[in-house]
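Taken together, the values in this text are just the output of simple stated rules run on the coordinates, not laboratory data. Note that this is a predicted model, so its numbers are computed, not measured. With ideal geometry, Cβ positions are generated from the backbone for all residues, glycine too; neighbour counts draw on all protein chains shown.
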Amino acid sequence: MYTDVLRFITKRRSIRRFTGDSVDRQLLVTALKAAMAAPSAMNTQPWQFLVVTEAEAVKAICAAHPYAGFGERAGAVILPFGKKEGYAWFDQDMAAATENLLLALANLGLGATWCGMPENLQAGVRALAPIPDDNAFFALIPIGIPDEDVVERTQYDDGRVHWETYVG
Ligand SMILES: Cc1cc2nc3c(=O)[nH]c(=O)nc-3n(C[C@H](O)[C@H](O)[C@H](O)COP(=O)(O)O)c2cc1C
């Protein structure tokens, strides 16, 4: 059982090559259910998800991000977003949901990569994928049928584990 749990986690790797085929909508809904199973502070659930599947729009949105151009052959892009201003736990809640989403996608046989959305990229993506003014994108996630093989692995490192007390 422990092996199964670990495999579920290590199946998630960043996938940046896609076949160009479309992605089944029901698989995306299943992954979004996983995302919305995430914990959030006081169960605030600050998340919203913009799901884009139209090929030209997917390509344009990925091209608007300096490190997401690889998504030009993705079948979808999901943009988790929400109202960040005034909510101290926004990043932590959104990260929990985003990781749940990625774990589910990988175990559904889909490839995806978490691309960060810093302040300087917000306007460019917003121009192509409008969201309310007081909301911010948390991530940009190209999703597709994988066209590359990646090795499943943990990056476990004993040196980063401090049992009972930290000894420098
Ligand atoms: C906050 C965050 C931002 C990231 N931004 C990008 C990105 O803009 N482009 C990209 O190709 N990968 C991005 N990545 C993916 C990392 O490069 C990747 O997770 C890391 O190299 C480890 O590889 P793995 O995901 O296969 O385990 C990002 C990951 C995180 C968590």
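Tabulated values for the structure
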quantity	calculated
FRET efficiency for THR3 and LEU128, using Cβ-Cβ distance with R0 set to 45 Å, rounded to 0.05	0.60
All Cα pairs of region 15-147, percent lying beyond 26 Å	15 percent
Nearby lysines by direct alpha-carbon distance to LYS59 (threshold 26 angstrom, same-chain neighbours under 8 apart not counted)	LYS11, LYS33, LYS83
Given charges at Cβ of Lys, Arg, Asp, Glu: the chain dipole, positive-most of LEU32, ALA127, THR154	LEU32
GNM top mover of ALA104, ALA139, ALA57 - the chain, alpha-carbon springs below 10 Å	ALA57
Placed amide H near ALA76: partners under 5 Å, 5+ positions off or other chain	ILE143
Sorted by Cβ density within 10 Å, fewest first, the residues TRP89, TRP47	TRP89, TRP47
Computed magnitude of the charge dipole of the chain (debye, nearest 20; Cβ of K, R +1, Cβ of D, E -1)	180 debye
Fluctuation leader among ALA76, ALA97, ALA37 - the chain, Gaussian network, Cα springs under 10 angstrom	ALA37
Max mean-square fluctuation residue, GNM over the chain, Cα-Cα springs under 10 Å, options TYR67, TYR87, TYR156	TYR156
For region 110-150, the Rg and Dmax computed from alpha carbons only, in angstrom	12.8, 40
